[in-house]
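Report on one structure; see the data block that follows.
Just so you know, all these numbers are worked out from the coordinates, no wet-lab data involved. Keep in mind it's a predicted model, so treat the numbers as computed, not measured. Please note: Cβ atoms are built from the backbone with ideal geometry, for glycine as well, and neighbour counts cover all protein chains shown.
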Amino acid sequence: MVRRLLPWFGANARDLPWRRTRDPYAIWISEIMLQQTQVKTVVAYWERWMRALPDVAALARAKPARVHKLWEGLGYYARARNAQAAAKIIVDKHGGEFPKAFEEVLALPGVGRYTAGAICSIAYGQAKAILDGNVIRVLSRLFGVAGDPRGKEANARLWGLAQELVSTAAETEECGRLNEGLMELGALVCTPGEPRCPECPVRTLCFARKTKRVGELPMARVAGQVIQRRCAAFVVKKEGRFLVRQRPAGAVNAHLWEFPNVEIAAKEKNPAAGAGEFVLTEKESFCRVRHSITRYRILLEAYHAKLSTEAPRGNVPGVWRTAGQLDRLAFAGAHRKIVAALKAEKSPEKRSNAA
Ligand code: SF4
């Protein structure tokens, strides 16, 4: 299988910017960005990040607000905060040199077995396995691994197979390429819906193809219960400035910016009823954003509003920022869409439509 996969990868690998380097820092950043995010989205983020923070030292000394801004829109912001914490450890403990030992890489904040394996195999050529969604799919089909691939037994078998393959590739010093080849096969050919088996370089070895079980493998996970939620955001503008606040440490999307908001009941007719500080100035929302956080499907409705008590004497629930300053802050994704909607409201096209 290794003999067939490596030439296929050589001929079919996508030309991605992080594949042109063996710099462990650059590979690490690409790997954490790629968790939960598609390749085509990551390319621009990765290039921008590498221009702004080209090495571990730059990331370690960057202001957290800058790190958040560079990550804005990628979601799962703990990844960015962990990356900076890891960079500081590398500077303090490893003299600024990215560690080479697998255990030391694995000990960094936010680095799990998969990421440590990817860095050590791709940057250093070590025989360390990786197992992500793509590799799980390829190996489950190829070797006929039944059972929940995230369950203890099947997962251990898959890690074992991945390790055997990368150890075989070590004989020709191709560990990184083998791991990348497995992921690429899963991304381009052995896809979830309709795999392109006739084009697959390992089709004659494939258990699922031989036994006509491609559609059954890997076994689907039992979906968790989805919960619907509804939130109202209040956009208050005073003397050219908007009221915004930063999410607290420890919360989802910690340290990112947002408009004040509250959760409301699905059928609530007056969204400001539960938020004492705000009074709606328009009955209808001017922007509705649907987004998901883990199992929650959230509808966020933004309303123009004013403060019900005089600011700033009392407890103004946030700080005042101009439209230009909003652009420079890192917003949670759904709230960035509200900022965009505010801009669209002011655009010449919108004004002429209104006229
Ligand atoms: Fe996947 Fe089909 Fe290749 Fe088997 S033959 S590994 S199912 S693409």
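Taking label positions 7 Å along the Cα-Cβ direction at both residue 341 and residue 283, the computed distance is 1.8 nm, reported to one decimal.
Ordered by the number of other Cβ atoms lying within 10 Å of each residue's own Cβ, fewest first, 28, 257 fall into the sequence 257, 28. Spin-label model, residue 229/residue 298: points 7 Å from Cα along the beta carbon direction are separated by 0.5 nm.
Dividing the mean sequence gap of close Cα pairs (under 8 Å, 6+ apart) by how many residues the chain holds gives a relative contact order of 15 percent. A Förster distance of 35 Å, applied to the separation of the beta-carbon atoms of residue 48 and residue 241, puts the FRET efficiency at 0.80. Evaluating kT/(6 pi eta Rh) at 4 °C and 1.567 mPa s, with the Kirkwood radius of the chain over Cα pairs in the Stokes-Einstein relation, gives 56 µm² s⁻¹. Relative contact order of segment 226-341: 36 percent, from C-alpha pairs under 8 Å at least 6 residues apart in sequence.
As a proxy for reagent exposure, 49, 8 were ordered by neighbouring Cβ count within 10 angstrom, fewest first; the result is 8, 49. Were the residues from residue 199 through residue 325 laid out at 0.36 nm apart, the gain over their Cα-Cα distance would be 40.2 nm.
Only helices enter the 222 nm calculation for the chain: every DSSP H run of n ≥ 4 contributes -39,500 (n - 2.57), and dividing by all residues gives -13500 deg cm²/dmol, rounded to 500. By the rule of a C-alpha distance below 16 Å, with chain neighbours fewer than 8 residues away ignored, the aspartates and glutamates paired with residue 237 are 258, 277, 282, 310, 327, 345. Label point 7 Å out from residue 35 along Cα-to-Cβ: which residues of segment 170-193 have amide N under 12 Å? Counting only backbone N, you get no residues.
Distance between the pseudo-spin-label points of residue 249 and residue 76 (7 Å out from Cα toward the beta carbon): 2.4 nm. The slack in the chain from residue 58 to residue 100, taken as 0.36 nm per residue of separation less the alpha-carbon distance, amounts to 13.2 nm. Spatial offset of segment 184-256 relative to segment 35-51 amounts to 16 Å, using the alpha carbon center of each. For 32, 227, 293, the sequence from fewest to most other C-beta atoms within 10 Å is 227, 293, 32. Other residues within the sphere of radius under 12 Å centred on the Cβ of residue 96, judged by their own Cβ, net out at 0 (K and R +1, D and E -1). Under a model in which nothing but the beta-carbon of Lys, Arg (+1) and Asp, Glu (-1) is charged, the chain shows a dipole of about 880 debye around its Cα centre.
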